[in-house]
Structures are given as structure tokens and as C-alpha cells.
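We did not get these values from a lab; they are worked out from the coordinates using the rules stated. Keep in mind that what you see is a predicted model, and the values were worked out from it rather than measured. Cβ atoms come from the backbone with ideal geometry, glycine included; neighbour counts cover every protein chain shown.
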Amino acid sequence: MGAVSFSLDERMLGFFARTLPLQVFLETGTFEGESLRLACDVFDECHSVELSPQLYEAASRQFAGRAGVHLHLGKSPEILRAHRDRLASVPVFFWLDAHWCAAEQTAGAESQSPLMAELEAIGKLHPQSVVLIDDARLYLCPPPAPHRFADWPDFHAILTGLQALSPNHRLMVLNDVILFYPEIMQLEMSLFAHKHGVDWLVIANDSRRFGPKRRRGPGFVRRTRNRLLLALGLRKK
Ligand SMILES: C[S@@+](CC[C@H](N)C(=O)[O-])C[C@H]1O[C@@H](n2cnc3c(N)ncnc32)[C@H](O)[C@@H]1O
């Protein structure tokens, strides 16, 4: 559950699918299938791994009969390892999003983040694959309670793990997602980030301005409307 986009950002998905000849979508942590629903409109071959049997079964019902969608029940590193050779041989869109979260029926309570084991299991990247790791904020520094921070890899280890996958990829953190992308698309990546990246300070200031006290006030609807018109360029300050 990213801080900027709840699941996979559709614009980011479309951007990578247009820029790279991606063939396979691979997600860890199916949850309620929100990202997978977006991905299967874009990719002919989609895989998603879930450790919680209840969530896996719900996803199996949801995607029943959907050609090209493959659901896997189990620990993400084990499934990645089992498909390692195939995943290194074609351009893949990796959406690494398996971790414990404070939501009903989710798995991972005993070990909250399998990310390092996932990177080790992937082993090697095709030169045109891209790796997206959701919830960057939980990895940039030890996550706060209720997360058990000892279960989460530190940022330095993640950088080292990513660099071991490919010497020809570059790294960026955009809208709460860690991106590891082919360096040949650096210019396109920078332009996309410049256009779609959010400024955390602006978001923090907005949330202070529209905090709980003011939200209850009678002018809330008017203020929100004005703010929207301002953001859309339809109103002057
Ligand atoms: C944040 S949710 C995923 C959200 C989903 N990817 C989306 O974009 O809508 C994390 C999911 O990972 C699952 N999970 C936790 N540990 C896992 C593991 N080791 N292997 C596979 N899934 C795991 C949880 O049960 C939960 O459903």
C-alpha cells in the first residue's frame, strides 16, 4: 500500500510498458488483486504470488478464466527461485510488494519482509527488465511501530542486492516506489519523474492546512473546491 498510489500507479505501469519491450508481469504479494487487475490489461503473461491461503483463494475466484494470469500460493522467494531461469531470459516487470501489513488475512507476521530473499532468488536481471519495490518509505530507514523493524532490510543492503542483479541498471525513488531500471532509459525516466513526481513537503503542508479541526469547519467544502481549482489552474491565488 504505497503512500502516493494505493497499489500500482497506472501511469507508471503504462510508462514502463511503452518504454521497454516487457513481456511478463511478476508481482509478489497478491493481496486483493488490485495491481494484478491493472497489469492483466497490459501484459499477456502475469504471475502473482501470495502467502495467505485465504487471499490466494479469493484471487483464484476473482481471476478464474482470465487467460495468461497465473496465481501462486507460497513464499515469494521460493516461487521466484523456481522460475529463475525463465525470469532472467525475458524482459520482466517485477512488482515486489510482499510484506506484512496491518490488514486482515495478510501473511508475513512471523517474518515481515521477504525482500532480500526475493532479490537473491531473482539472481540476475534481463537487461530490459525493471524492478519496482513498493512502499519505499518502509525501506529507507527502519519502519516505525507496529512494524517489527528487525525484520526489515536496511536501505544499504537493498542497494547492494539490487546492484548485484545488474550492473547496467540505475536507481531512483519516486512516489514511494524504489525503481531499478535500465540505464539506457535514463532520459525518459527523468522526464517521467519530473512530470509525475510528488513533492512531500507540499503534501505535508496540505495535510497540516486541512487537518482534522479545519476539516470539520463549515468552510471545508469551499476550501477544498478552491484548492482543486487552483491545482487545475482554473483559479488564481
Ligand atoms: C501490501 S500487500 C500487497 C498489495 C498488492 N501487491 C497490490 O498492489 O494491491 C502485501 C501482501 O503480501 C503478502 N505476503 C506477505 N509475506 C509474503 C511472502 N513471504 N510471500 C508472498 N506473499 C506475502 C501479504 O499476505 C499481503 O497480501
Exercise. Between region 64-114 and region 146-176, how many Å separate their Cα centres?
Worked result: 17
Seminar exercise, completed: Share of Cα-Cα pairs in the chain beyond 31 Å, whole percent, is 28
Problem set entry | From phi via Karplus (6.51, -1.76, 1.60), per-residue ³J(HN,Hα) for region 76-85 in Hz, x at Gly/Pro | 3, x, 5, 5, 4, 5, 5, 10, 4, 5
Seminar exercise, completed: Where a ≥ b ≥ c are root eigenvalues of the Cα gyration tensor, a/c under 1.5 meaning rounded, otherwise prolate if a/b exceeds b/c and oblate otherwise, region 33-100 counts as oblate
Seminar exercise, completed: Expected sort for 180, 192 with the fewest Cβ neighbours (10 Å cutoff) up front is 192, 180
Seminar exercise, completed: Charge tally for neighbours of residue 49 with beta carbon under 12 Å away, counting Lys, Arg as +1 and Asp, Glu as -1, is -3
Problem set entry | Amide H contacts under 5 Å for residue 175, placed H, 5+ residues apart | 198
Problem set entry | Positive minus negative residues near residue 121 (Lys, Arg vs Asp, Glu; Cβ under 14 Å) | +1
Exercise. How large is the helix-only mean residue ellipticity at 222 nm for the chain, computed as the sum of -39500 (n - 2.57) over DSSP H runs with n ≥ 4, divided by its residue count, in deg cm²/dmol to the nearest 500?
Worked result: -11500 deg cm²/dmol
Problem set entry | Förster-model FRET efficiency, 45 Å R0, residue 170 and residue 109, C-beta, rounded to 0.05 | 0.85
Exercise. Any idea how far the Cα center of region 186-202 sits from the one of region 1-23, in Å?
Worked result: 13
